[in-house]
1. Could you list all residues from segment 332-368 that are in contact with a helix residue (DSSP H, G or I) (Cβ under 7 Å, 6 or more places away or on another chain), among the charged types (D, E, K, R) and more than 9 Å from the ligand (Cβ to nearest atom)?
2. The conditions are (1) out of contact with any strand residue (DSSP E or B) (no Cβ under 8 Å at 6 or more places or on another chain); (2) crowded, with 16+ Cβ neighbours inside 10 Å; (3) under 16 Å from Leu228 (Cα atoms), and Ser331 fails exactly one of them. Which is it?
3. If we keep just the residues of segment 188-213 that are within 14 Å of the ligand (Cβ to nearest atom) and more than 23 Å from Tyr357 (Cβ to Cβ), which is nearest to the chain's Cα centre (by Cα)?
4. When you go through (1) over 19 Å from Arg369 (Cα atoms); (2) away from the ligand (no atom under 11 Å from the Cβ); (3) buried (at least 19 other Cβ atoms within 10 Å of the Cβ) one by one for Leu220, which number turns out not to apply?
5. For segment 293-342, name all the residues that are touching a residue at least 24 places away in the same chain (Cβ under 8 Å), out of contact with any Phe, Trp or Tyr (no Cβ under 6 Å at 6 or more places or on another chain) and among the hydroxyl-bearing types (Ser, Thr, Tyr).
6. Residues Met315, Met324: which one is more than 16 Å from the ligand (Cβ to nearest atom), within 19 Å of the chain's Cα centre (by Cα) and more than 23 Å from Asn242 (Cβ to Cβ)?
7. Determine, yes or no, whether Leu374 is at pLDDT 95 or above, away from the ligand (no atom under 16 Å from the Cβ) and buried (at least 18 other Cβ atoms within 10 Å of the Cβ).
8. Which of the residues belonging to segment 347-387 are aliphatic (A, V, I, L, M) and in a loop (DSSP other than H, G, I, E, B)?
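The values are calculated or read from the model by the stated rules, or taken from the named source; none is laboratory data. Fair warning: this is a prediction, and the values are worked out from it, not measured in the lab. Cβ coordinates were reconstructed from backbone atoms using ideal geometry, including for glycine residues, and neighbour counts include every protein chain displayed.
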Amino acid sequence: MQLRDCFIAALGVVVFICIQQGISWVTIFDSVNEYILLFTFLTIAVILVYVKMSERPKLTYETYLRLDKVLDSQYLESEAAGNRVDEEHLFIIVHQAFEIWFKQILEDLGGVITTFQIPDFDDRKHLSTITKKLGRIALILKLVVQHFEILETMPPAVFLNFRKYLKSGSGFESLQFRLIENRFGLQQLAREAVKGQVYKDKLNSTQKMKAVESEEEPSLFTVVKNWLKNVFTTCTERDSQNYLSSINTAVSKWAKDENTDENQKVDKDAFEQILTKETYKGLYDEDEKRHSLSFEAFHGALLISLYQDEPEFQMAYMTLKLIMDVDCLISKWRHTHVLMVHRMLGRKMGTGGSSGYDYLKSTNQDTYRVFIELFNLSAFLIPDEYKAERKPYTIPKCGKISSPN
Ligand code: HEM
């Protein structure tokens, strides 16, 4: 109960007593008017005090940032057990710093996904917001990966002095990390289980609800896939050059070039496979473990990459580049974390019950790279000298490409 609520309750009691007592006071005061005067006076005084109490405390640096809470949230379990290990303070601070940045990443990732879902999505207008947010996510990830270096200033032997106080607590239970993975588009089947338990088994019921929600919400992968499909379908609908046959022609010219070194010979079979819907199988062979780009989405991405310097694709290319940056940086996060864990624990089990180093290594593989197809796509780029010229186009809206003539 807030102070204000207590005050209202007390006021109720005072008014009640006043009314009760009023019957006899009327006899004490000379007239009813004097009684009313006193009662009015008391009421005004009470209102003034109430208004004063309702005022928000003065906004200062400390109150605005809730520093009282933030700076009072480093609770050393070793100290509570009467055996303070100073480095536990650093251990907590570094984890909290990660979580704060995870929160900002989730905020920006949510913003990117929502923007992609705008019904009247307009490349020229919305890709600018998207690239700003993706760029920031990439910068934050670069920054937090460096936090591990700070933690590594703590010698493994010192970590051992307070590790027992962590009991079964582990980063494995970080809800925000799971939300980032899910919102980015990590497929649940891609996840490595720990002793038959999936990540949700380690969360409490409220956290579990949030995790399930995030699994069901559209991920960055889903919205990007839809966007790429739109780019492709609208381009090929109106493109008289026929994009697919122009690739075929370019590849044939390239394959015939006798100056090409043996090791760099064009893989015509691979190109043939991506050129029709029937033969296209995606660029990743463990489809069941992950989402996969559709034929149209793949060609949307290829089209953007091939013609990245043309005005209508510059922002789109920047978007794809930043998505790949973020994908890389999440892998870097996993890689740096696993190396640090190896240094701290050797091959000991984790407090969360996993095999530790081996488990974490298994999370740093291709199945965990949500946008791996964008990387594989580089095998289908074509040198400028063979590539068909594109007529200059303008794109009034994504999905509505019009030729100037
Ligand atoms: C001395 C430092 C650290 C050690 C020894 C350590 C150890 C481990 C181990 C062994 C695991 C596997 C699960 C388990 O069995 O517990 C794990 C998972 C995890 N840790 Fe750390 N960790 C450290 C620091 C951090 C930091 C600073 C973060 C930042 C948030 C973090 C976040 C995570 C996350 C998110 C997972 C789950 C990874 C996954 O399942 O893919 N850890 N950690």
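1. Passing the criteria: Lys332, Arg347, Lys361, Asp366.
2. (3)
3. The qualifying residue nearest to the chain's Cα centre (by Cα) is Ala211.
4. (1)
5. Hits for segment 293-342 are Ser294, Ser305, Thr319, Ser331.
6. Met324
7. The answer is yes for Leu374.
8. Selection gives Met349, Val370, Leu381, Ile382.
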